[in-house]
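Presented below is the structure to which this report refers.
The values are calculated or read from the model by the stated rules, or taken from the named source; none is laboratory data. As the structure is a computational prediction, the values presented were derived from the model and not from experiment. A quick note on method: Cβ atoms are made from the backbone with ideal geometry, for glycine too, and the neighbour counts reach across all protein chains shown.
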Amino acid sequence: MSTVTQEEIFKKLIAHCKEYGFIFPSSEIYDGLSAVYDYGQYGVELKNNIKKYWWDSMILLNENIVGIDAAIFMHPRTWEASGHVGAFNDPLIDNKDSKKRYRADVLIEEHLAKLEAKIEKEVEKATKKFGSSFDRQMFVTTNARVLEIQKEIDSIRTRFVEALEKTDLNALRQIILDCEIVCPISGTRNWTEVRQFNLMFETKMGSVADEAMTIYLRPETAQGIFVNFLNVQKSGRMKIPFGIAQIGKAFRNEIVARQFIFRMREFEQMEMQFFVRPGTELDWFEVWKEKRLRWHLAMGIDPNKYRFHKHDKLAHYANAAYDIEFQFPFGFKEVEGIHSRTDFDLGNHAKFSGKKITYFDPELNQSYVPYVIETSIGVDRMVLLILANGYTEEKVDKEDGTGDERVVLRIPPALAPVKLAVLPLVKKDGLDEKARAIVHKLRYEFNCQYDEKDSIGRRYRRQDAIGTPYCITVDHQTLQDDTVTVRDRDTMQQERVPIDGLLRYMGEKVSLRSMLEKI
Ligand code: ATP
C-alpha cells in the first residue's frame, strides 16, 4: 500500500477512535490540550486488558517477579541520581520560518529512516522484476544504487553517534545542514542553533511559596523500582535473579508531539527491572529480548510487522539495548525497549543517598551491586498498535441490508473491550427476555453487551466497529431447543451452540490464558 493510503487510513483510525468511544482529545470542549488524550468507554477496557495481559505475564508466569505501585512524586534527588537533571537532556532545534521546534536527533533519525525506505523501494522493485528467483541478500550487497545509499547511511550514522556521544551540539546541527534536512512545515533549511532542553514537568510541593520544594512529575516509572530495591528484596526475601514490575503514569514535556497517542505528554508505562549477578547480564538480556518478542507474537499479530532495532548509540548507563519496533501506519517505530542498564541506577542511588544498596549473594558468599535488565513498554503505544493492526475496511456480502462494506477492529479476542454481544433477533415473543437471561449468566465472566435496537445486520456492524469478537443471537429456534447462533467477528461465520455450553465455549475463545500459554 502506498504511504498516502496509509496516512489516510491513519486519519480514519483516529476519527474512528473518537466516534466509537475509544480515545478523545483531552478537554476537547476547550479545544483540547496538545498531545494529551482521554480514553473513552471502550478505550479504557482495551487499555485495562493490555495491562492485565502484561501484568499476568510478569507476575503469574514468573515466580521470581513481584509487582509494586510507587508514587508519581519522588524526592528530587532521585532525578539527579538518574541523570535526568543536569546530565543528558534533549537537543532542540527551531526552524526560523515555521517557528516550529524539533528534536535534532529525531530529525536525523527520520532522515536515516527515509534513506532506509529508499533501499526497501529498490528491493521491492527488484522483487517484482526477478520474481521467485530473487535473492535479497545478494541484491543488497551488490546493487550499485543500494550500495550508494547504504554508504550515505553509514557515513551519517557514524557522525551522528559521535556527535551524540560527545554531546556536540554544533556537530548535530552540521549533520542537519549537510543532509539538507528541511522543516516539514515550512520546507526551508533556515535552522537555529541546537540547544539542550529538559523535558521533565516541574511543580512545587508545600504550602508556603518560599519554602516550597521543586519536584518533578516522573518521566519514567523505573526509578520508583530502583529506590525500592532494598525494601522489596528484604521484605519479600527475594533471591537474585529476581524482577520488580510496575505499571504507572509517566510525564514528558515532549517537543515533537504528534502521531496521536504514539507520543504523548502524559502516558503510561509497563516496566520490569530484572536484577542479576554482575557478569551474567548479557545472557539475561538475550533471555528477556526473546521473551518480550514472544509476548507480542502470542497475540497472533503478523510477525513480519515486528522487528528488533539495535541502538547505535548506547545511553551512558547501558551496555546493550534493543527496541522492539512495530510497523505502524507511519513506519516501523519503537513500541518497547529492552536495556541492559548495568549497575548504574542502583550505584548512583547509593552515591546520592549515602545509603548502602547491595545484595548479599549466599551462593557466592559475597555482596555486590546487582546489574539490571529493563523491559519498558508504553501502554498507549500498545493500544495504538492493537488498533492500527486491527482496523480493517472490507467488502462483505450484505447482512440484512446494511450495505456491502464494513469497518471491523480485529482486536485479539482476549483484549477486546467487549467480549460478546447478546442480540434478540426481534424484540418480542420473549426473545428479549431470553437474551437478557443469557447476559445475566455470562456477565460475571465476560464484558457483555445487550442490544435490541435496529436490524440485526446493523447491530453486527456496531459490534464489528468496536471489535467485539462474538455476537450471540437469540432467535425463535432458541425458544424450542435452547440453542443460539454465535457469529465470529472475523469470518462472519455462524455456529449453533447450546446455551448451557456458552460459558465454556466463550472461555476457550476469549481468555487471556491462551495467549499466556504461548509466551
Ligand atoms: P522515543 O525514542 O520514542 O522517545 P524513548 O526511547 O525515549 O522513546 P523510553 O524512554 O525507552 O522511550 O521509554 C520506554 C517506552 O515508553 C517506549 O518504548 C514507549 O513505548 C513509551 N514511551 C516513551 N515516551 C512516550 C511518549 N511520549 N508517549 C507514549 N509512550 C511513550
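Okay, here's what the table says:
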quantity: Y444, sole failed condition from (1) of a type outside the set (D, E); (2) under 30 Å from I65 (Cβ atoms); (3) part of a helix (DSSP H, G or I); calculated: (3)
quantity: Top-ranked residue in the stretch 230-251 [being closer than 26 Å to T203 by Cβ and in contact with a strand residue (DSSP E or B) (Cβ under 8 Å, 6 or more places away or on another chain); ranked as nearest to the ligand (Cβ to nearest atom)]; calculated: A250
quantity: Any hit, the stretch 32-47, residues being away from the ligand (no atom under 16 Å from the Cβ), at pLDDT 95 or above and exposed (fewer than 15 other Cβ atoms within 10 Å of the Cβ); calculated: yes
quantity: The lone exception for T167 - which of (1) at positive phi; (2) at pLDDT 95 or above it fails; calculated: (2)
quantity: Pair list, Cβ under 8 Å, 6 or more apart: the stretch 47-59 residue free of Cβ contacts under 8 Å to residues at least 12 places away in the same chain, other residue of a type outside the set (V, I, T) and surrounded by fewer than 16 Cβ atoms within 10 Å (Cβ to Cβ); calculated: none
quantity: Scope the stretch 247-263; condition small (G, A, S) and modelled with pLDDT under 95; matching residues; calculated: A257
quantity: Conditions (1) within 16 Å of V407 (Cα to Cα); (2) of a type outside the set (D, E); (3) modelled with pLDDT of 95 or more; number of the one not met by I9; calculated: (3)
quantity: The listed residue being within 22 Å of the chain's Cα centre (by Cα), within 16 Å of the ligand (Cβ to nearest atom) and surrounded by 19 or more Cβ atoms within 10 Å (Cβ to Cβ), out of I411, I324; calculated: I324
quantity: Within the stretch 126-176, tally of residues that are exposed (fewer than 15 other Cβ atoms within 10 Å of the Cβ) and touching a residue at least 40 places away in the same chain (Cβ under 8 Å); calculated: 3
quantity: Of residues in the stretch 330-356 being on the phi > 0 side of the Ramachandran plot and either in a strand (DSSP E or B) or surrounded by 19 or more Cβ atoms within 10 Å (Cβ to Cβ) (or both), the one nearest to the ligand (Cβ to nearest atom); calculated: G331
quantity: Residues that are assigned to a loop (DSSP other than H, G, I, E, B) and within 13 Å of the ligand (Cβ to nearest atom), drawn from the stretch 254-282; calculated: E254, I255, V256, A257, R258, Q259, R263, M264, R265
quantity: Hey, F285 touching a Leu at 6+ places or on another chain (Cβ under 9 Å) and within 16 Å of the ligand (Cβ to nearest atom) or not; calculated: no
quantity: Filter result (surrounded by fewer than 18 Cβ atoms within 10 Å (Cβ to Cβ), over 33 Å from the mean Cα position of the chain (by Cα) and either in a loop (DSSP other than H, G, I, E, B) or modelled with pLDDT of 95 or more (or both)) within the stretch 457-478; calculated: H476, Q477
quantity: So Q233, is it among the polar types (S, T, N, Q) and in contact with a Pro (Cβ under 7 Å, 6 or more places away or on another chain); calculated: no
quantity: Conditions (1) surrounded by fewer than 22 Cβ atoms within 10 Å (Cβ to Cβ); (2) in the same structural domain as F274 (by TED's automatic domain parsing); number of the one not met by T392; calculated: (2)
quantity: Yes/no for M299 being outside any strand (DSSP E or B), aliphatic (A, V, I, L, M) and within 14 Å of the ligand (Cβ to nearest atom); calculated: no
quantity: The stretch 1-56, residues that are among the aliphatic types (A, V, I, L, M), assigned to a helix (DSSP H, G or I) and touching a helix residue (DSSP H, G or I) at 6+ places or on another chain (Cβ under 8 Å); calculated: L13, I14, L46, I50
quantity: Yes/no for Y39 being in contact with a Lys or Arg (Cβ under 8 Å, 6 or more places away or on another chain) and closer than 16 Å to G467 by Cβ; calculated: yes
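Here is a yes/no grid of residues against (1) within 34 Å of the chain's Cα centre (by Cα); (2) outside any loop (DSSP other than H, G, I, E, B):
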site	(1), (2)
L384	yes, yes
A388	yes, yes
K398	no, no
L423	yes, yes
D429	no, no
D432	no, yes
I438	no, yes
